[in-house]
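Okay, so here's the structure we're looking at.
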Amino acid sequence: AQSVTQPDIHITVSEGASLELRCNYSYGATPYLFWYVQSPGQGLQLLLKYFSGDTLVQGIKGFEAEFKRSQSSFNLRKPSVHWSDAAEYFCAVGENNQGGKLIFGQGTELSVKP
Amino acid sequence: EPEVTQTPSHQVTQMGQEVILRCVPISNHLYFYWYRQILGQKVEFLVSFYNNEISEKSEIFDDQFSVERPDGSNFTLKIRSTKLEDSAMYFCASSGQAVNTEAFFGQGTRLTVV
């Protein structure tokens, strides 16, 4: 069955430190991969997406993610975290490249300490 | 920037009552979705809608749920007889016809069944 796993429920990093949020997926076909961010009281905002091509994708707010087919992973990274990055981050796999049905991971809550 | 709009932002209803959650998708989008997120759990797909009919639904989307596009702009989710376990954040999303695109999410409606 298709699934997405985010092993870390909660991560705390210091402001200015680097960040990596893990995501592993199980999907039989070509995966279409997404990272969304949800700030308190807000909706889901797309950070970045991977459909094909270069396995390192750049997103908004200085985030990037790397697709590794051999590891079934799509980890999100940021070299220097800002206090405003505190939010919940969701990895998702899509069934097609037209924004179709998404399967989400459990989410990782990021806290940033000064 | 175009956005998906959901109303109301918070709805409290009594168990057994009918509730309608409303969404205005992005105007030139053709695919519409509802997702829900029970507090502390992952975002789950409920239903997708295209060309005035349901294209896919999850096992959560039972006979108590229905969707409608009553006019050219609104997309609604109706829960006929709410249960306590329907309490959740409900997200509407839409996507266009282009390839390599993503779903755009609304801010969500928090439904509380008492």
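Between B:GLU68, B:GLU18, B:GLU3, B:GLU56, the distinction of being under 11 Å from the mean Cα position of the chain (by Cα), of a type outside the set (Val, Ile, Thr) and open to solvent by 50 Å² or more (accessible area, probe 1.4 Å) belongs to B:GLU68 only.
From the residues in the range A:68-79 that are open to solvent by 60 Å² or more (accessible area, probe 1.4 Å) and outside any strand (DSSP E or B), which one is farthest from A:GLN6 (Cα to Cα)? Of everything passing the filter in the range A:68-79, A:PRO79 is farthest from A:GLN6 (Cα to Cα). For the range B:73-85, the criterion of being among the aromatic types (Phe, Trp, Tyr) and either assigned to a loop (DSSP other than H, G, I, E, B) or without any contact (Cβ under 8 Å) to a residue 24 or more places away in the chain (or both) is met by none of the residues. Restricting attention to the range B:77-114, the residues that are within 14 Å of chain A (Cβ to nearest Cβ) and of a type in the set (D, E, K, R) add up to 2.
Please report, ordered by residue number, the strands (runs of 3 or more DSSP E) entirely within the range A:11-66 with at least 1 residues that are surrounded by fewer than 20 Cβ atoms within 10 Å (Cβ to Cβ).
On the way: elements: A:19-21, A:24-26, A:32-38, A:44-50, A:56-58.
Answer list for the range A:11-66: A:19-21, A:24-26, A:44-50, A:56-58.
Once the range B:37-53 is narrowed to residues that are open to solvent by 70 Å² or more (accessible area, probe 1.4 Å) and assigned to a strand (DSSP E or B), the residue that is nearest to the other protein chains (Cβ to nearest Cβ) is B:TYR50.
Looking at the range A:80-96, which of its residues are surrounded by fewer than 17 Cβ atoms within 10 Å (Cβ to Cβ) and touching a Lys or Arg at 6+ places or on another chain (Cβ under 9 Å)?
The first filter runs over the range A:80-96 and keeps only residues surrounded by fewer than 17 Cβ atoms within 10 Å (Cβ to Cβ), leaving A:80, A:82-84, A:96.
Result: A:HIS82, A:TRP83, A:SER84.
I'd like the residue in the range B:89-112 that is open to solvent by less than 10 Å² (accessible area, probe 1.4 Å) and assigned to a strand (DSSP E or B) and, out of all such residues, is modelled with the lowest pLDDT. Filtering first and then ranking leaves B:SER95.
Restricting A:GLN42, A:GLN38 to residues that are closer than 23 Å to B:SER94 by Cβ and either more than 14 Å from chain B (Cβ to nearest Cβ) or under 13 Å from the mean Cα position of the chain (by Cα) (or both) narrows the list to A:GLN38. Checking A:PHE63, A:PHE34, A:PHE51 one by one, the residue that is in contact with a Gly (Cβ under 7 Å, 6 or more places away or on another chain) and in contact (Cβ under 8 Å) with a residue 12 or more places away in the chain is A:PHE34 and no other.
Give me the residue from the range A:86-98 that is closer than 22 Å to A:ASN24 by Cβ and not aliphatic (A, V, I, L, M) and, out of that set, farthest from the other protein chains (Cβ to nearest Cβ).
Filtering first and then ranking leaves A:TYR89.
The values are calculated or read from the model by the stated rules, or taken from the named source; none is laboratory data. Predicted, not measured: the structure shown is a model, and the values here were computed from it. Reconstructed Cβ throughout: ideal geometry from the backbone, glycine too, with neighbour counts over all protein chains shown. With ligands, DNA and RNA removed, areas are computed over all heavy atoms of the protein, side chains included. Shrake-Rupley method; radii C 1.70, N 1.55, O 1.52, S 1.80 Å.
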